[in-house]
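Heads up, the thing below is written out as structure tokens.
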């Protein structure tokens, strides 16, 4: 069988899988919309926001980014208002994926929440990895994001989860170093980290704050000073 013939065999299978996936997404979307429509007026706002998110996710999967944004944006504000930080961070990731003009700002706000509050480390790492994807290879921003991800992974996890997640973040650092300066060996990597002062955690977090400010600009959807004032230590 030639390569062309093989492609002709595989392609219909892929098409069937894609059609099945689209059908499943549409079914999930229809059920979520029905739940949202039938929720009582006095329903718990957080439950409503979770349902909005249940609508947004399949919309995103179906390529309907604008509609997904509308639902997720409303949910995000509810989660912030009710201090549901894990849900807010997960929603920021959805907003980032929507391809909206404010998606980068949403990513920045999600990172601010993910670093400020003790949400799941994996969620924080996911958002910081997106910064690496969005940052030019020659920029130091990707290095800062990768090192903060590694710091958070080590701080907020234990046991097998820590071993797994810090392995991932170590790979993120190595990937950034390779594209930034062509670094591939451990000795050069250690020198690169030292040169960029990436092992100074307080300074690292300050640099991340500058990056987040640049991402969000003046589009903040919440008052950071108000949230900081509520922290146990501020």
* Output the residues belonging to region 88-136 that are over 11 Å from the mean Cα position of the chain (by Cα), closer than 22 Å to residue 46 by Cβ and surrounded by fewer than 21 Cβ atoms within 10 Å (Cβ to Cβ). => 116, 117, 118, 120
* Are there any pairs with C-beta distances below 6 angstrom linking a residue in region 71-98 that is in contact (Cβ under 8 Å) with a residue 40 or more places away in the chain to a residue that is assigned to a loop (DSSP other than H, G, I, E, B) and surrounded by fewer than 19 Cβ atoms within 10 Å (Cβ to Cβ), with the two at least 6 apart or on different chains, and if so which? -> 80/222
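Can residue 174 be described as buried (at least 17 other Cβ atoms within 10 Å of the Cβ), in contact (Cβ under 8 Å) with a residue 12 or more places away in the chain and not assigned by TED's automatic domain parsing to the domain that holds residue 88?
Working: buried (at least 17 other Cβ atoms within 10 Å of the Cβ): no; in contact (Cβ under 8 Å) with a residue 12 or more places away in the chain: yes; not assigned by TED's automatic domain parsing to the domain that holds residue 88: yes.
When the stated conditions are applied, residue 174 does not pass them.
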* Asked: Can you tell me which of 135, 116, 157 is touching a helix residue (DSSP H, G or I) at 6+ places or on another chain (Cβ under 6 Å) and either touching a residue at least 60 places away in the same chain (Cβ under 8 Å) or under 14 Å from residue 172 (Cα atoms) (or both)?
  -> 135
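Evaluate the following for residue 17: is it outside any helix (DSSP H, G or I) and either modelled with pLDDT under 95 or not assigned by TED's automatic domain parsing to the domain that holds residue 85 (or both)?
Values: outside any helix (DSSP H, G or I): no; either modelled with pLDDT under 95 or not assigned by TED's automatic domain parsing to the domain that holds residue 85 (or both): yes.
Taking the combined requirement at face value, the residue does not satisfy it.
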* Any residue in region 129-136 that is modelled with pLDDT under 95 and outside any helix (DSSP H, G or I)? -> yes
* Asked: Hey, residue 197 hits all of (1) part of a helix (DSSP H, G or I); (2) farther than 28 Å from residue 73 by Cβ but one; which does it fall short on?
  -> (1)
* Asked: Quick one: is residue 27 within 22 Å of residue 219 (Cα to Cα) and either touching a helix residue (DSSP H, G or I) at 6+ places or on another chain (Cβ under 7 Å) or outside the structural domain of residue 170 (by TED's automatic domain parsing) (or both)?
  -> no
* Structure fact -> Within region 51-82, of all residues that are farther than 21 Å from residue 219 by Cβ and out of contact with any helix residue (DSSP H, G or I) (no Cβ under 7 Å at 6 or more places or on another chain), the one surrounded by the most Cβ atoms within 10 Å (Cβ to Cβ) is 64
* Asked: Which members of region 148-188 meet the condition of being at pLDDT below 95 and outside any helix (DSSP H, G or I)?
  -> 182, 183, 184, 185
* To do: Answer yes or no as to whether residue 143 is within 16 Å of the chain's Cα centre (by Cα), part of a helix (DSSP H, G or I) and surrounded by 15 or more Cβ atoms within 10 Å (Cβ to Cβ).
  => no
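The values are calculated or read from the model by the stated rules, or taken from the named source; none is laboratory data. All of these numbers come straight from a predicted model, not from anything done at the bench. Positions of Cβ are generated from backbone atoms using ideal geometry, with glycine treated the same way; all protein chains shown enter the neighbour counts.
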